[in-house]
Amino acid sequence: MFGNLSRNDWMLFIIFAAVVLLAPVLFMPLGAAYPALLQKFAIFAIFAIGFNILFGLTGYLSFGHAAFLGVGSYAAVWSFKLLSMNALPAIAFAVICSGLFAALIGYVSLRRSGIYFSILTLAFAQMSYNLAYSVLTPITNGETGLQLSQNDPRILDRAFASSSQGLPSPDLFGITLQGYAGFYFCAAALIICFFVTLKLFRSPFGMMLKAIKSNQNRMRYTGFNTRPYLRSAFIISGMFAGLAGALMAVTDPLAGAERMQWTASGEVVLMTILGGVGTLIGPILGAVVIKYFENIFSSFNDGALHSAFSALPDAIEMPLVKLLSLFVGDGWHLTLGLIFMAIVIFLPGGIMEGIRRLTTRFTNGGGGKRVSQSKLQPAE
């Protein structure tokens, strides 16, 4: 299933791992070096590269991937409540549960393709979201969300260690996963996931998925049964989403149904398209860009805008603040929409296409040479 990596692949992996591990230093000039935001970068990057395995390699667009994110969160919190506060069993349990749920959803959804597949996955995700608020309330705790309690069994912890006072926190063999320790735990998971994805992209299995995206009907005519490959890609993608959901529970031991809402599924689609569909680095860049701008624009309010433009006359300040308030705070999604529109219009291949254009321009000795269309095709 996994192919061999070339020298360039190993260089890419080493550089990526170094950038991730040095993120607290590299993001300091951008004001994004604090642990909570860095954890978001790593977690949603895992979510995005997992989604890209399905969408980027096979062309099957799922609008329901947030369901696996939510299942992973619920499974991890239940592991904390029943077994141990150690993060490793919680992550293993979350990945297994998400994989099984993805196998069930994929068995039904992959009987259709195109828009019908997308609608089926959206329907299953919304069903899961509504069930979490109604029928499955004993498991999900409904609107309140699933939380830790001092009275939780935690069988393994109580068997091998004395119970502590107060509400416990997730740990890794005694190391509390808060602050930068929590970020580096998520960073290690991201590096491992990137390595697995890189191996998968270079493997015969990955080539088969790319062939399915290129022309599935031709493959069927030549005798290949494409459904097992699609089902495997769907399950792997769901397990990545479950891992991201588990890491959310590790950094914040709370699981709610809002993580399964269709907006969360739409967000990972935007991340992947914004960064570059079918590329290795693109979805990670898309996740970082969206979460960074979310952190900036959602933090602004009318008071901050008035303070920023206080030097202007009132006749100019008031209309300007009223206009800009539509794009910040709770309305920051409008800004995200404008950014997404600009990327789609001017860089259809996402951020990675822009990077390739700049690289080609400089390596060709300036802008005098025209970039061929073949050079602008998505690269891994």
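For the reader, a short list of remarks on this structure follows.
- Residues in segment 96-224 average 57 Å² of solvent-accessible surface per residue, probe 1.4 Å, ligands and nucleic acids excluded.
- Between segment 314-357 and segment 115-190, the Cα center-to-center distance that results, in Å: 34 Å
- Chain lengthening between R111 and R218 when straightened (0.36 nm per residue, less Cα-Cα): 36.8 nm
- Protection proxy ranking, peptides 210-216, 318-324, average beta carbon neighbours within 10 Å, highest first: 210-216, 318-324
- Ranked by solvent-accessible area (1.4 Å probe, protein heavy atoms only, all chains present), the residues L122, L156 order from largest to smallest as L156, L122.
- For peptides 46-59, 258-271, 281-294, sequence by mean Cβ density within 10 Å, most packed first: 46-59, 281-294, 258-271
- Simple spin-label estimate for Y180 and I96 in nanometres, 7 Å along Cα-Cβ: 3.5 nm
- Projecting the Cα atoms of T121, L312, A67 onto the dipole axis of the chain, where Lys and Arg carry +1 and Asp and Glu carry -1 at the beta carbon, places T121 farthest toward the positive end.
- Cα-based convex hull, the chain, per residue volume (Å³, whole number): 185 Å³
- Packing-based ranking of 97-109, 234-246 yields 234-246, 97-109, ordered from highest to lowest mean Cβ neighbour count within 10 Å.
- Rg/Rg_globular for segment 165-231, with Rg_globular taken as 2.2 N^0.38 Å and Rg from C-alpha atoms: 1.88
- Taking every C-alpha pair closer than 8 Å and separated by at least 6 residues, the mean separation divided by the residue count of the chain gives a relative contact order of 27 percent.
- For segment 215-278, the fraction of alpha-carbon pairs lying more than 14 Å apart is 73 percent, rounded to a whole number.
- Cβ-Cβ distance of R231 and L172, R₀ of 25 Å, FRET efficiency by 1/(1 + (r/R0)^6): the value works out to about 0.15.
- Taking amide H atoms as placed 1.01 Å from N in the peptide plane, the amide H of N86 lies under 5 Å from those of D171, each 5 or more residues away in sequence or on another chain.
- Potential extension, W262-Q147 segment - 0.36 nm per residue separation minus Cα distance: 39.1 nm
- Segment 1-115: mean projected area of Cα convex hull, nm²: 10.1 nm²
- On a per residue basis, the convex hull of the C-alpha atoms belonging to segment 264-366 measures out at 131 Å³.
- Label-point separation, A33 to A342 (7 Å along Cα→Cβ), nm: 2.7 nm
The values are calculated or read from the model by the stated rules, or taken from the named source; none is laboratory data. Everything numeric here is computed off the predicted structure, so don't read it as measured data. Here the Cβ is made from the backbone with ideal geometry for all residues, glycine too, and neighbour counts use every protein chain on show. Ligands, DNA and RNA are stripped out before the accessible areas are found, and what is left, the full protein with its side chains, is counted by its heavy atoms. Shrake-Rupley method; radii C 1.70, N 1.55, O 1.52, S 1.80 Å.
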